[in-house]
Amino acid sequence: MLTPPGDDEATGSHAPIPAIPNMSTLPSVAAELTPGWLSTVLNRNVKSADLVGFWPGTASKAFLSVVFDDDSASRPVRLCVKGGFQPEFLRQQPFLVSLFQREVDFYNRIAPTLDHMGLPPVHWAGHTAEQGIIIFDDLAAHGCTFVPPTETWPADRVLAGVEQLAALHAKTWGVQPADYPWLTSDYDQIILTLLETYDQVVNGPDRPDIPAALRNQARVTAAVRKHFAMRNPRFQCLLHGDPHVANAYLENGAPRFLDWQTVHIGSAFHDVAYFVAGALSIEDRRTHEWDILAHYLRTLQRLGGPSLSPMDQEVVFEYKKSLLAGIGWIMCPYSMQAKENVMALAVRYAAALDDSKVLDLVERLARSSMGA
């Protein structure tokens, strides 16, 4: 059956998404997004629904032009329906369904509680054991802007972006797995699995130019494992999990995050370091990185989180270690992401890791903890 939003979780500025009863299946291809089905889930009679665009991907997006019966002007409304609409692809990669389900649960269970965070309007979200679907406004048709990852962000926009992350983190600071028993995390295992082919990908032909230390599969893998084992529980909260610039958009110039498929509990600085190092140019990061971190910490406290200092050694170490989140782009095959995006982001993340000597830091901290 479809998973309804919890009645006791609909607090904050985001209204709960209506659930629908008596439905055990969901559309598996875009052609099944019919006026009848849309009428049922939206609880509003749909006169017509025309497919005007389709983006295949890990989760596909079907763009619809919809006309409602009760609209006297018969004006079309542009919607984006996100889900697993490539059945053969899902048969080959069945684990993806869990990502769709997790994002549905985020919008139904968590988004209504985030009263200081801007999120895309969602008209309905639900999942079964085989599918997860979310109905959004078509953000581009509503004037929102998507900046390609090949372009960097100015420092003032990144400052606004970390405010959004601080809103999420402050609201959920100190949460434990028992607080979200339905929320699982596959992040560590996904990264460790990708690391198995690190040398083959990173040292293959036509790859980004990165420092020699980051070309060593054994050393990088060991550092990532040590980092995972040494995350500081002092900074635990709910994470977006994948807040790179391709998972963000601008609403009237203000940054917003979408694609919540990897939401999980972890160290706050994973989100912060991953976002900052990927959004800024290398030069701007070197100039503004620590000022941006200080701004994030001030915002975190203002929104109800803890008081943390950018001079706190544990904060500095956790931020630097968390730059390892960028390894995902450094080892990303071109079959998973567009080559031009990998080229741009891998170089930014590699420079951040090299500037902070993260491999050396993790190795030193691991030795210190063993000797303690």
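Taken over region 266-317, the criterion of being among the polar types (S, T, N, Q), in a loop (DSSP other than H, G, I, E, B) and farther than 14 Å from Val158 by Cα is satisfied by Ser307, Ser309. Among the residues of region 225-242, are any under 17 Å from the mean Cα position of the chain (by Cα) and closer than 20 Å to Ala338 by Cβ? Among the residues of region 225-242, at least one is under 17 Å from the mean Cα position of the chain (by Cα) and closer than 20 Å to Ala338 by Cβ, which makes the answer yes. Quickly run through region 238-253 and pick out the residues that are outside any loop (DSSP other than H, G, I, E, B) and surrounded by fewer than 22 Cβ atoms within 10 Å (Cβ to Cβ). Once the filter is applied, which keeps residues that are outside any loop (DSSP other than H, G, I, E, B) and surrounded by fewer than 22 Cβ atoms within 10 Å (Cβ to Cβ), region 238-253 yields Ala246, Asn247, Tyr249, Leu250, Glu251. Screening the candidates Ala222, Ala229 for the property of being surrounded by 15 or more Cβ atoms within 10 Å (Cβ to Cβ) and small (Gly, Ala, Ser) yields one hit, Ala222. Only one entry in Arg219, Arg215, Arg231 is without any contact (Cβ under 8 Å) to a residue 60 or more places away in the chain, of a type in the set (D, E, K, R) and out of contact with any Lys or Arg (no Cβ under 7 Å at 6 or more places or on another chain), namely Arg215. With Glu314, Glu318 as the choices, which residue is in contact with a strand residue (DSSP E or B) (Cβ under 7 Å, 6 or more places away or on another chain) and within 22 Å of Phe228 (Cβ to Cβ)? Sole residue among the options that is in contact with a strand residue (DSSP E or B) (Cβ under 7 Å, 6 or more places away or on another chain) and within 22 Å of Phe228 (Cβ to Cβ): Glu318. Of Val263, Val245, Val276, Val175, all but one fail to be hydrophobic (A, V, I, L, M, F, W, C), at pLDDT 95 or above and more than 17 Å from the chain's Cα centre (by Cα); the exception is Val175. For region 188-207, the count of residues that are in contact (Cβ under 8 Å) with a residue 40 or more places away in the chain, closer than 27 Å to Pro120 by Cβ and outside the structural domain of Leu26 (by TED's automatic domain parsing) is at least one. Report whether or not Leu365 is touching a Gly at 6+ places or on another chain (Cβ under 8 Å), among the hydrophobic types (A, V, I, L, M, F, W, C), in a helix (DSSP H, G or I) and on the phi < 0 side of the Ramachandran plot. No; evaluated as a whole, the condition is false for this residue.
Condition check ((1) at negative phi; (2) charged (D, E, K, R); (3) surrounded by 18 or more Cβ atoms within 10 Å (Cβ to Cβ); (4) outside the structural domain of His288 (by TED's automatic domain parsing)) across all residues:
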residue	(1), (2), (3), (4)
Ile134	yes, no, yes, yes
Glu163	yes, yes, yes, no
His169	yes, no, yes, no
Val175	yes, no, no, no
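From the residues in region 97-156 that are assigned to a loop (DSSP other than H, G, I, E, B) and polar (S, T, N, Q), which one is farthest from Val29 (Cα to Cα)? That would be Thr152.
The values are calculated or read from the model by the stated rules, or taken from the named source; none is laboratory data. The shown structure was predicted, so the numbers you read here are calculated from the model rather than taken from an experiment. Cβ atoms come from the backbone with ideal geometry, glycine included; neighbour counts cover every protein chain shown.
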